[in-house]
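Structure record follows, encoded as structure tokens.
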Amino acid sequence: MARPRQRRPAASRSYLALAEVLESEFVPHPGTTESVGKDVYRLRSRSFIGTRIDLDETHEWGRAPTKN
């Protein structure tokens, strides 16, 4: 069985391939509708995160272009 250090190059290549697929297939075609409404998201995010967040600010941050 390969040791963890020996598996790193294969894992790195796999994650790079995944990133390339996500960038080429998903990023250029964002959805036009939201998955849940703002009220549902507010409740679920508070439950998950444990605190209130500024939803508009968080949404803008999530939609911002990624930096390489």
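Throughout, read-outs are computed from the coordinates displayed, never taken from laboratory work. Note that this is a predicted model, so its numbers are computed, not measured. Cβ coordinates were reconstructed from backbone atoms using ideal geometry, including for glycine residues, and neighbour counts include every protein chain displayed.
Below is a table of values for the structure above.
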{"quantity": "Cleavage-rule hits (trypsin sites (Lys or Arg not before Pro)) in the range 1-55: DSSP loop, at most 16 neighbouring Cβ within 10 angstrom", "calculated": "52"}
{"quantity": "Stretch gain in nm, segment residue 47-residue 16, where the contour uses 0.36 nm per residue and the Cα spacing is subtracted", "calculated": "7.9 nm"}
{"quantity": "Helix-only mean residue ellipticity at 222 nm for the chain, each DSSP H run of n ≥ 4 adding -39500 (n - 2.57), per residue, nearest 500", "calculated": "-18000 deg cm²/dmol"}
{"quantity": "Length released on extending from residue 26 to residue 5, taking residue separation times 0.36 nm less the Cα-Cα span", "calculated": "4.4 nm"}
{"quantity": "Kirkwood Rh in Å, taken over all unlike Cα pairs in the chain", "calculated": "15.4"}
